[in-house]
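Before any comments, here is the structure.
The values are calculated or read from the model by the stated rules, or taken from the named source; none is laboratory data. These numbers come from a predicted model, not from an experiment. Glycine also receives a Cβ, built like all others from the backbone with ideal geometry; neighbour counts cover every protein chain displayed. Just so you know, the surface numbers come from the protein's heavy atoms only, side chains and all, with ligands and any DNA or RNA stripped out. Shrake-Rupley method; radii C 1.70, N 1.55, O 1.52, S 1.80 Å.
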Amino acid sequence: MNTVPSFGVGTFRLKGQTAIDSVRNALDVGYRAVDTAQIYDNQADVGQAIAQSCIARSALFLTTKIWTANYAQTQLVASLRDSLHKLRTDYVDLTLIHWPAPGNGGA
Ligand SMILES: NC(=O)c1ccc[n+]([C@@H]2O[C@H](COP(=O)([O-])OP(=O)(O)OC[C@H]3O[C@@H](n4cnc5c(N)ncnc54)[C@H](OP(=O)(O)O)[C@@H]3O)[C@@H](O)[C@H]2O)c1
């Protein structure tokens, strides 16, 4: 999606069936932006919820965040590929560095 939806659903602290149900419910009532992160350990749940929703990928705005342990040049791309695999997509609309972590090869 080219524009950022005005409302989005967050998934911090949600895991497993709770995360799946939360994202599914949000999508069912019209949310089209979903926020997750590697450290939330729920990207596979989010991916499952999106897959089950049958909403076109192009209609969604999906955000994930790279965790600090993956900021090194040798790990960042691989970790993002792993995120994409878990999210069952070949792109995310927004990739964030979770937060600065000087010394981790990041910002
Ligand atoms: N906190 C951060 O530092 C931070 C940073 C970056 C991004 N985010 C993103 O922003 C989102 C919101 O962050 P926040 O700090 O506002 O979180 P928060 O204060 O923990 O608020 C979580 C919200 O989710 C609702 N909720 C909890 N369990 C739910 C469920 N099973 N299904 C549906 N809704 C549920 C809660 O409702 P009740 O009030 O009724 O319990 C509450 O309104 C996060 O999920 C994350 O994706 C957060």
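Just for strands (runs of 3 or more DSSP E) wholly inside segment 1-73: which have at least 1 residues that are among the polar types (S, T, N, Q), open to solvent by less than 40 Å² (accessible area, probe 1.4 Å) and within 10 Å of the ligand (Cβ to nearest atom)?
Answer list for segment 1-73: 61-66.
Take residue 95 and tell me if it is in a strand (DSSP E or B), away from the ligand (no atom under 11 Å from the Cβ) and among the β-branched types (Val, Ile, Thr).
Considered against the rule, which asks whether it is in a strand (DSSP E or B), away from the ligand (no atom under 11 Å from the Cβ) and among the β-branched types (Val, Ile, Thr), residue 95 comes out as yes.
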